Amino acid sequence: MPPSICAVCRTNRALILRPKDHSKLCRECFITVFETEIHHTILSTNLFERGERIAIGASGGKDSTVLASVLKTLNERYDYGLELMLLSIDEGIKGYRDDSLETVKRNAVQYDMPLTILGYSELYGWTMDQVVEQVGKKGNCTYCGVFRRQALDRGAARLGVKHVVTGHNADDVAETVLMNLLRGDLPRLSRTTSIVTSTPSLAPNKTGVADNTHIKRSKPLKYAYEKEIVLYAHHKQLDYFSTECIYSPEAFRGSARALIKNLERVRPSAILDVVRSGEDMARLVPGSDEGCGGACASATAAEEEVGGCGSAVGKSMASVERQLASNERAQESNLETEITLPKPSPAPSTTPAGPPLKGQKKPRSERSGGPKKKGPAKQVMGSCIKCGYLSSQAVCKACVLLEGLNKSRPKNAIEVGYEVQDVSLNSVRDELEATTLSTER
Amino acid sequence: MMSEEALSVKVEFSGGLELLFDNKKKYDLSIPCKDESGAPSNVAFLVRYLCDKVMKDPRKDMFVLDDTVRPGILVLINEADWELEGEDQYELQKDDHVMFVSTLHGG
């Protein structure tokens, strides 16, 4: 085969075949084109404001490393006027996170950005190693996801930063779209396709000071192929760390990721097409972010990106799995709750579609209002009575999980299995929900 | 016979794939210059060779699926995407550099 020539400069040998349009590019042109596209994404979505301080959720993995590198480059090239910093979460997993944190520390020097590392042990009193010792390897991802979501927000609040960017890429978004489609969960699908998954300005915050419930979340690499992210890192010789979380073995990963990668090989544009389809479907979902102008985004986002196992910025099959697991659990508790309602609405088993929003409760008024069924219920957001974190429940997910953990701590000696743990968590949640209901009636 | 002759190739693993290959990123290999059927060795043959002779990890399916490199693993032949070079039908030349980069692993 004669060497291909770059489609842009028509001089150098092409090394990259772009998945989105099959164009052939040389190393230099690819790097420029990749950066320029991220720049356009940022401009067209008005992602940043001049003078904004941005925390980059950094795991040391490819996505967050590329995100940090590209944002630094663009900030200097186009004079965004951003103040960039790195924020890493230490889940407390020996032999996994401690290694990748070394990479983040090197990144901080390479990119000349301040680095903050916040540990689960510091925030919650539990490292993931301890959680796993307690609940077993099977259900621990739920804990990790819930804890991380809050941890990034708390870290941002500590830094006085109101905007956290994460390295979620097009493949991640496409996976999530597919998984939600396969689950029939269109409301969640509509929430996860948005480039900004939390809109703080719509949540009242009189003080103007960053607190952990009003953090904006966005994913500037949303339209970037994972393949190109890896190639960018390779051709720019970025220093990144790749590993697999020791608690989420390959066998446990779902099939959406494999499906996406298989589709990509047959039809590379499929990934962006799925992302775009997700966005189009999102607009059709009643009460979606698009429909309500984002007013419900802030409400749901806190429980949304419960993902990102393997990296603080989402590596995602594991996170999809985790979401599935947590949804199933939430669904169970939801069903149980509905059964205990004083006014017997149609039994949950007779509603074919299941609860419209998994793990979320209908507004009180609608629930007591009888059988009329409208579009997906919106959440009523408040603050967790225990920790103050944004929550649709009286007590936020993390506090519920923590309570379960702390309660069963003594039982550790007789080796509590995951199943047992799960049941006790559900009963804790049910108790909580029961209290909420009774006080409000 | 010519098939006895060896072909030197440099093979590199990254993006987490090295974990499947003794945690070693770079290999200087001498592979037969003809494959089982006597045809010049191509990348498909190299992949089989890696699976049979080099990889000790039993999780072959994390590298190869359905007789080809697992989707999600990028293959670079002398830095170029293998799709630009004829994919696994590319005939290896002396001192070629073949790199396998996984996109499947997290950070």
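The values are calculated or read from the model by the stated rules, or taken from the named source; none is laboratory data. Keep in mind that what you see is a predicted model, and the values were worked out from it rather than measured. All Cβ positions, glycine included, derive from the backbone under ideal geometry; neighbour counts span all protein chains shown.
Side notes on the structure shown:
- When region B:88-107 is limited to residues that are within 10 Å of another protein chain (Cβ to nearest Cβ) and not in a strand (DSSP E or B), the one that is nearest to B:S30 (Cα to Cα) turns out to be B:Y90.
- B:S14 farther than 27 Å from A:S255 by Cα and small (G, A, S): no
- Residue in region A:125-175 that is modelled with the lowest pLDDT, counting only those that are aromatic (F, W, Y) and not in a loop (DSSP other than H, G, I, E, B): A:Y143
- Scanning region B:66-86 for residues that are more than 10 Å from every other protein chain (Cβ to nearest Cβ) and surrounded by fewer than 20 Cβ atoms within 10 Å (Cβ to Cβ) yields one hit, B:D67.
- Residue in region A:83-102 that is within 14 Å of chain B (Cβ to nearest Cβ), under 30 Å from B:L92 (Cβ atoms) and under 23 Å from the mean Cα position of the chain (by Cα) present: no
- Filtering region A:24-79 to residues that are within 14 Å of chain B (Cβ to nearest Cβ), free of Cβ contacts under 8 Å to residues at least 40 places away in the same chain and assigned to a loop (DSSP other than H, G, I, E, B) leaves only A:C26.
- Single residue of A:R148, A:R106 found to be surrounded by fewer than 17 Cβ atoms within 10 Å (Cβ to Cβ), touching a residue at least 60 places away in the same chain (Cβ under 8 Å) and under 22 Å from B:G16 (Cβ atoms): A:R106
- One residue alone among A:L15, A:L67, A:L47, A:L71 is out of contact with any Pro (no Cβ under 9 Å at 6 or more places or on another chain) and of a type in the set (A, V, I, L, M), and that residue is A:L15.
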